[in-house]
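This report refers to the structure that appears directly beneath it.
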Amino acid sequence: MPRPPRGPMSGLLFHLMNRAAKRATLFEGHGDYEAFIALLRHAAKRLRVAIYAYCVMPNHWHLIASARDEGGISRFMHWLTTTHARRWQLFRGTDGQGAVYQGRFRAVAVAEDRHFLWVCRYVERNAVRASLVARAEDWQWSSLGARVRNGDIDWLATWPVPQPPGWVEHVNLPQTAAELAAFRSSVRRGEPYGDAEWSARIAQRTGRNCSRRPRGRPKRTVLFK
């Protein structure tokens, strides 16, 4: 069955993710990570997409991004994944031996409020959840690791809400099982992630159904104490 077309996406913030086919390893060493991040930077400039946060993992990656132009997110993700897959296959001599990525990317609209901060935290602490590092800033292939090492990254966009003080320490605090389950359900279903009223409005705009959303959205008190 074909997947439903995506509705209007311009001006919205999105959590974006794609994964290697069969969960194979995409990034085997520093050179692989560096090449992808350079390509990401080039794609953002070429296709006029704002990147707010990212984390590149061994077999998948996460981005938080937005585009002003209608269709900008889809064009950006298509160019990024197809260009990366082509270069990946040519470098390894596996051209024509099957897909590099599992298929269509996942995109979840995120509200420009505490939910944006929660998702940035989710993205930037990915390597900690995977037990690759003890602290999130130690993973250099993420926006948090890059900022801690190099200061402001000129190709990353200014956040739509202020980054709270003590952000690094906050990213390193675990998120609750209920919070993670609620967000991952939104990712699986492609549903907007925000307060109920906002989510319903965006779902209608983009053609996504939020009626089956489970309970467990992050409460205001758990985001920043």
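Touching a residue at least 60 places away in the same chain (Cβ under 8 Å), aromatic (Phe, Trp, Tyr) and exposed (fewer than 15 other Cβ atoms within 10 Å of the Cβ): is that true of residue 155 in this structure? For residue 155, the condition - touching a residue at least 60 places away in the same chain (Cβ under 8 Å), aromatic (Phe, Trp, Tyr) and exposed (fewer than 15 other Cβ atoms within 10 Å of the Cβ) - is met.
Residues being in a helix (DSSP H, G or I) and crowded, with 18+ Cβ neighbours inside 10 Å: count how many of those fall in the range 115-133.
Going through the range 115-133 one residue at a time, the tally reaches 13.
Summed over the range 182-211, the residues that are among the aliphatic types (A, V, I, L, M) and either open to solvent by less than 30 Å² (accessible area, probe 1.4 Å) or modelled with pLDDT of 95 or more (or both) give a count of 4. One residue stands out among those in the range 170-193 that are of a type in the set (Gly, Ala, Ser) and out of contact with any Phe, Trp or Tyr (no Cβ under 9 Å at 6 or more places or on another chain): the one that is nearest to residue 112 (Cα to Cα), which is 190.
The values are calculated or read from the model by the stated rules, or taken from the named source; none is laboratory data. Because the structure is a prediction, the values reported are computed rather than measured. Virtual Cβ from ideal backbone geometry, glycine too; neighbours counted across all protein chains shown. These accessible areas exclude ligands, DNA and RNA; they are computed on the full protein's heavy atoms, side chains included. Shrake-Rupley method; radii C 1.70, N 1.55, O 1.52, S 1.80 Å.
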